[in-house]
Amino acid sequence: GAVVSQHPSWVICKSGTSVKIECRSLDFQATTMFWYRQFPKQSLMLMATSNEGSKATYEQGVEKDKFLINHASLTLSTLTVTSAHPEDSSFYICSAREPGPKTYEQYFGPGTRLTVT
Amino acid sequence: DQQVKQNSPSLSVQEGRISILNCDYTNSMFDYFLWYKKYPAEGPTFLISISSIKDKNEDGRFTVFLNKSAKHLSLHIVPSQPGDSAVYFCAASATGTASKLTFGTGTRLQVTL
């Protein structure tokens, strides 16, 4: 099956600093990637849809200036949490969709645990 | 507004028996449904999916049933195995939404020996 990686798997940063999270599709080209966040014991909430070569589409309530998304190639999307605050601490997960007929199935990365102190 | 709901936060089933996980949705535009399995601190793993043109899809021990009129789907696992213990999320998508998935709140399945 399709493999998606994320880096780093966990990160601790100080309040006010920025953190970049990478999402890579390892064995397929992903024209579309998605970024989610999950709070403890809650569902996955879609933050934004990242399309290669174009601007990301953000969900309602997600600050685009705070969560910068760049999808520079068909295998890499990055999420940068700018000026992080403790309330940004969460589990961030990316997913990628293979081109083709099975366009609904998304393959998820292992997630990144962000802790802002 | 939670468009996809899993009303049972947890379920305990004995090994070898059937596990039935339920999911309800409110958005009638949803036409594709998926089940994912998730372990702590890992990303979800795709299990099985079903299109709204079907009412049943089977893959090995996993079967998903869809009742469109009731806006309800269920995942059956038979027989249940200890390795099935995880959190299960149902997700839904609608045509024309760029394959965006709306996830349910999850059900933690514990398969006991």
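The values are calculated or read from the model by the stated rules, or taken from the named source; none is laboratory data. Quantities reported herein were computed from a predicted structural model and do not represent experimental measurements. Methodologically, a virtual Cβ is constructed for each residue, glycine included, from the backbone with ideal geometry; neighbour enumeration extends over all protein chains shown. For accessibility, only protein heavy atoms count, side chains too; no ligands or nucleic acids. Shrake-Rupley method; radii C 1.70, N 1.55, O 1.52, S 1.80 Å.
Below are the figures for this structure:
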{"read-out": "In segment A:53-85, the residues that are charged (D, E, K, R), more than 13 Å from chain B (Cβ to nearest Cβ) and within 25 Å of B:ALA92 (Cα to Cα)", "value": "A:LYS55, A:GLU63, A:LYS64"}
{"read-out": "Pick from segment A:17-52, criterion in a loop (DSSP other than H, G, I, E, B) and polar (S, T, N, Q), ranking: nearest to the other protein chains (Cβ to nearest Cβ)", "value": "A:SER43"}
{"read-out": "Matching residues, segment B:76-112, being over 23 Å from A:ARG97 (Cα atoms) and aliphatic (A, V, I, L, M)", "value": "B:ILE77, B:VAL78, B:ALA86, B:LEU109, B:VAL111"}
{"read-out": "Residue ranges of strands (runs of 3 or more DSSP E) in segment B:18-102 with at least 2 members without any contact (Cβ under 8 Å) to a residue 40 or more places away in the chain and open to solvent by 50 Å² or more (accessible area, probe 1.4 Å)", "value": "B:45-51, B:56-59, B:62-67"}
{"read-out": "In segment A:91-110, the residues that are surrounded by 20 or more Cβ atoms within 10 Å (Cβ to Cβ), under 12 Å from the mean Cα position of the chain (by Cα) and within 22 Å of A:PHE39 (Cβ to Cβ)", "value": "A:PHE91, A:TYR92, A:ILE93, A:CYS94, A:SER95, A:PHE108, A:GLY109"}
{"read-out": "Answer residue from segment A:60-90, given it is part of a strand (DSSP E or B) and more than 18 Å from A:LEU114 (Cα to Cα) and is least open to solvent (accessible area, probe 1.4 Å) among those", "value": "A:HIS71"}
